[in-house]
Amino acid sequence: MARRQPLQTENPVGKRILRALGGRDLVWLSREADIPPQTLSDAVHKGPARTDTAAKIAKALGMSLDHLVNGEPPVGSVDAIFDVIGPGLNRALRAPKAIDVPIYDIEVAAGAGRSVHDETPIGHWPLPVSWIAEHVGSDPDLFIVTVVGDSQEPELSTGDQLIVDHNQRRLSPGMHVVRHDGYLQVKRVQLEGRKVMLLSANPAYATTVLDREADQDSFEVMGRVIAAIKVM
């Protein structure tokens, strides 16, 4: 079977749509935004023909309509920064061009019934607002955790740090920090009907299969992994 090539476009609006999708696909966006697949495909390759279509796409992707249609505002303008990163990060704003993202220890946060955000940060990592706007989109709530263990070898190793968006907690395919039975784990999520599969890159670890309804009380997505800082 031929491997499906990643979707590409030269349209600037389409590029922002694809970038904001992360590990999700256009089928998900079509359903989430309630837009016919062909209309969405045209929007990616040619730009949205109607304002209401663009508004639906922006809402589904969690970004402002202005950012989707016109691109990121000029870096250096305080008002522009607030438009890009959203109110969720206002408290973390330290300078016009960067924010301090809190770093948490994933071992510390693994206790039953506790969330990453219940812990005290062990440090902060400044990230440029321009990078956040390009790779994450609007209104993220970022945190950084440290990988422990070898379940995601060779993709991730002990000591690697993950930049995670706590605002992207919707159940969707891709790499996530999840909480299962009270413990935080880094897993690649795959969906198949009602099945939620938690995958490890290391073949020594078995796939965990959950039911999205029956296991909803014991399973929670804490955020989507945006990037990994590798230890060399």
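Take GLU10 and decide whether it is among the charged types (D, E, K, R) and either open to solvent by less than 20 Å² (accessible area, probe 1.4 Å) or over 17 Å from ARG170 (Cβ atoms) (or both).
Working: among the charged types (D, E, K, R): yes; either open to solvent by less than 20 Å² (accessible area, probe 1.4 Å) or over 17 Å from ARG170 (Cβ atoms) (or both): yes.
Here the answer is yes, as GLU10 does meet what is asked.
Counting only residues that are at pLDDT 85 or above and within 11 Å of the chain's Cα centre (by Cα), give me the strands (runs of 3 or more DSSP E) lying completely in segment 123-219 with at least 3 of them.
161-165, 174-180
Pull out all pairs, ordered by first then second residue, where Cβ-Cβ is under 7 Å, the residues are six or more apart or on different chains, the first lies in segment 155-166 and is among the acidic types (Asp, Glu), and the second is open to solvent by 20 Å² or more (accessible area, probe 1.4 Å).
Every condition considered, the pairs that remain are GLU155/ALA201; ASP160/ALA228; ASP160/ILE229; ASP160/LYS230; ASP160/VAL231; ASP165/ASP141; ASP165/ILE226.
Note down all Cβ pairs under 6 Å where the first residue falls in segment 31-52 and is within 18 Å of SER64 (Cα to Cα), the second is in a helix (DSSP H, G or I) and of a type in the set (A, V, I, L, M), and they're at least six residues apart or on different chains.
That search, which allows pairs on different chains as well, returns GLU32/ALA60; ALA33/ILE57; ALA33/ALA60; LEU40/LEU26; VAL44/ILE17; GLY47/VAL13; PRO48/ALA54.
Can you confirm whether LEU210 is of a type outside the set (Phe, Trp, Tyr) and open to solvent by 50 Å² or more (accessible area, probe 1.4 Å)?
When the stated conditions are applied, LEU210 does not pass them.
Filter segment 175-207 for residues that are surrounded by 15 or more Cβ atoms within 10 Å (Cβ to Cβ) and touching a residue at least 60 places away in the same chain (Cβ under 8 Å); which is farthest from GLU155 (Cα to Cα)?
If we filter segment 175-207 for residues that are surrounded by 15 or more Cβ atoms within 10 Å (Cβ to Cβ), which is where we start, we get 175-180, 184-189, 196-201, 205.
From what's left, touching a residue at least 60 places away in the same chain (Cβ under 8 Å): 175, 177, 179, 184, 186.
Details: MET175: 11, VAL177: 15, ARG179: 20, LEU184: 18, VAL186: 11 Å.
Looking at the filtered set, the residue picked out is ARG179.
The values are calculated or read from the model by the stated rules, or taken from the named source; none is laboratory data. For clarity, every value in this text was computed on a predicted model and none was experimentally measured. Heads up, the Cβs are rebuilt from the backbone with ideal geometry, glycines too, and the neighbour counts pull from every protein chain shown. When the accessible area is computed, the model is the full protein with side chains, heavy atoms only, and any ligands, DNA or RNA have been set aside. Shrake-Rupley method; radii C 1.70, N 1.55, O 1.52, S 1.80 Å.
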